[in-house]
Amino acid sequence: MSSNPYHPPQNIPVETAVLVQPDRRSRPVRALGRWTLICCMSAAPSFFWGCALHRNFEHVVGMIGGILLFVLGYTVVECTHYYQQIITRPHMQRTALIGYGTRILISVVFPVGLAVDMMTGVLSVAIVENVSPMNSVEVSEMGASATAFTVFLTTVVQGVLLNMMLFGYMVCVYGVLRVLARVRDRVRDRKREFAFD
């Protein structure tokens, strides 16, 4: 061993860093679990209200089918490259968290969630009755399968209406976040100007 204190050591430990690649195979599974939880919690008041009106097994299957359609739809959208580009933009992820968090909170607060879902449910029933080629007499004559399809269609229409309301709310949240970010940037710039003065 050299006595020179400035002599470099003979054995220099080399640290190797391993770049961890995200597991793309687990993304659909995580997305499916996330949207199953969000959609089931959001649909709980409507499902409760629907079960009070339609107690037959076929009706329940129709409602569950409508909820699963949204779960699968959101999962497919999240797994696209276009979604990944959008969600990484400034304020988008926070907007989504606030939007869906508010939706779940409204569903948990029982009277509020039930009132919102009841209004959209009544509107959905009216839309399906006016648009559907099957009227109530034909539905009763065709049996449970037609009724299950009508309940499924009503669930989908109600989900679309609720999502339209949610997206409108999220647009407002996004606008507020952008305004707050601009105000924060201006305040920070003014503080810097005063600091240099």
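What the table below lists for this structure:
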quantity: Local electrostatic count, Tyr174, Cβ distance below 11 Å [Lys/Arg +1, Asp/Glu -1]; calculated: +3
quantity: Highest-first arrangement of 27-35, 150-158, where packing means the average Cβ count within 10 Å; calculated: 150-158, 27-35
quantity: Mean Cα-pair separation over length for the range 26-191, i.e. relative contact order, pairs under 8 Å, 6 or more apart, %; calculated: 33 percent
quantity: Table column - 3J(HN,Hα) (Hz), the range 183-188, Karplus curve with 6.51, -1.76, 1.60, x for Gly and Pro; calculated: 4, 5, 5, 5, 5, 5
quantity: Cut-off 13 Å between beta-carbons: net charge of the residues surrounding Leu123, Lys and Arg +1, Asp and Glu -1; calculated: -2
quantity: Net +/- balance of residues flanking Thr36 in space, Cβ distance below 13 Å, scoring K and R +1, D and E -1; calculated: +1
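Computed from the coordinates by the stated procedures, all read-outs in this text should not be read as laboratory data. All figures in this text were calculated on a predicted structure; none of them were measured in a lab. Because the Cβ atoms are built from the backbone with ideal geometry, glycine has one as well, and the counts that use them run over all protein chains shown.
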